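Here, each number is a calculation from the coordinates, and none is a lab measurement. All of these numbers come straight from a predicted model, not from anything done at the bench. FYI the Cβ positions are ideal-geometry reconstructions off the backbone, even for glycines, and counts take in every protein chain you see.
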Amino acid sequence: MTKIDIRPASATDIPLIREMAAVVFPATYREILSPEQLDYMMEWMYSEQSLARQMNEGHRFFIATTKSIANTGTPCGYMSIEGLHLQKLYVLPAHQGHGIGKALFDHAVREAGSEASRKAKDTNSSEKPRLELNVNRNNTAVGFYSRQGMKILRQGDFPIGGGFYMNDYIMGMDLL
């Protein structure tokens, strides 16, 4: 029996996040992006400095591990959320299809729901909070997020530097 644990990440986890990203990010995008854009985005999003900056700016990172009788915990994925925006959700290829992505997504929804509740109390707003994310329009994860209840709200081509763009859908789901 395998159990999925999700824990908050800290700056000491930056090497682990980088190690997982070095496997999962190219595997996810090698058929979608050029090698040059992959290299650029890895440095842009996953350098030690970039991850530390993201954490300092309020991105909350989480690490998923699988635990079984045979082991004490194998890192298998990660997620980050900033406010009500799911920034990253990746599961290592060898661990995909075992419910880890759904567990990370459900955790993101709970985190966003808590954030939305805090903001609603602070602002007394009647606006319905919404969790949003950007996902490449050619990424098979579009189907995964749709199955989780997210809808495509809009799309855009966002310049990220180096002459590269992220060609994304912005998906969302109402919270609370």
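Quick notes on this one:
- In Hz, Karplus ³J(HN,Hα) per residue of region 6-11 (6.51, -1.76, 1.60; θ = phi - 60°; x = Gly, Pro): 10, 10, x, 9, 10, 4
- Evaluated with a Cβ-only charge set (Lys, Arg +1; Asp, Glu -1), the chain carries a dipole of roughly 640 debye about its Cα centre, given to the nearest 20.
- Which of Ala94, Gly156, Ala120, positive extreme of dipole for the chain (C-beta unit charges): Ala120
- Shape category assigned to region 98-171 from the gyration tensor of Cα positions, a/c cut at 1.5: oblate
- Peptide packing: for 164-174, 138-148, the average count of neighbouring Cβ atoms within 10 Å per residue gives the ranking 164-174, 138-148, highest mean first.
- Scalar couplings 3J(HN,Hα) for region 21-34, obtained by applying the Karplus form with A = 6.51, B = -1.76, C = 1.60 to θ = phi - 60°, are 4, 5, 8, 6, 5, x, 4, 6, 10, 4, 8, 10, 10, 5 Hz; x denotes Gly and Pro.
- Relative contact order %, the chain, counting alpha carbon pairs below 8 Å whose residues are six or more apart: 19 percent
- Global form of region 1-70, assessed from the alpha-carbon gyration tensor, a/c cut-off 1.5: oblate
- Each Cα pair under 8 Å and six or more residues apart adds its separation to the average, and for region 46-126 the resulting relative contact order is 20 percent.
- Pairwise centroid distance, computed over Cα atoms, of region 141-170 with region 13-78, Å: 18 Å
- Packing, as the average of other Cβ atoms within 10 Å across residues, places the peptides 104-112, 57-65, 2-10 in the order 104-112, 57-65, 2-10, highest first.
- Packing-based ranking, highest mean first, of 94-103, 81-90, 40-49 given that Cβ atoms within 10 Å are counted: 81-90, 94-103, 40-49
- With an a/c value under 1.5 for the gyration tensor axes a ≥ b ≥ c computed over the alpha-carbon atoms, the chain is described as rounded.
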